[in-house]
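As structure tokens, the structure follows; a few thoughts come after it.
Read-outs: derived from the displayed coordinates by stated rules, not from any lab. What you see is a predicted model; the values in this text were computed from it and never measured. Glycine also receives a Cβ, built like all others from the backbone with ideal geometry; neighbour counts cover every protein chain displayed.
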Amino acid sequence: MPALIRSSCLLVALLGAAAFVTLAGPAAAEQVSREQDIVGLRLGQKILVDDGSCPAGQMKEVTGTNLTAAGVTRSQKCVPRFIKR
């Protein structure tokens with residue numbers, strides 16, 4: 001009987017760990033069609049902008065990088081449109 005309980009506990013622990021890893025993954029970035037549509041950018045937040053300003057196959061990624069007295073400073077770079085996982 002103790003072997004059955006031990007294997008059940010192991011199964012529950014493995015399922016819990018799998019659920020945690022799945023749910024704790026990175027959140028998908030928000031996507032907008034114009035940079036002017038970004039309101040209230042937070043520090044560390046990433047937003048994808050599909051405005052055609054980057055080369056084919058890429059999108060602009062706007063990130064809140066620094067906190068200043070005037071608000072959050074933005075940085076932007078072109079990133080691949082579809083990220084392989």
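Highest mean first, what order results for 66-74, 45-53, 30-38 on Cβ atoms within 10 Å? Mind showing how you got there, number by number?
Numbers: 66-74: 10.7, 45-53: 15.1, 30-38: 12.2.
Answer by packing, highest mean first, reads 45-53, 30-38, 66-74.
Quick check: convex hull of the Cα atoms in the range 26-80, volume per residue, rounded to a whole Å³? Mind dumping the intermediate values first?
On the way: hull volume 4.3 nm³, N = 55.
Hull volume normalised by residue count: 79 Å³.
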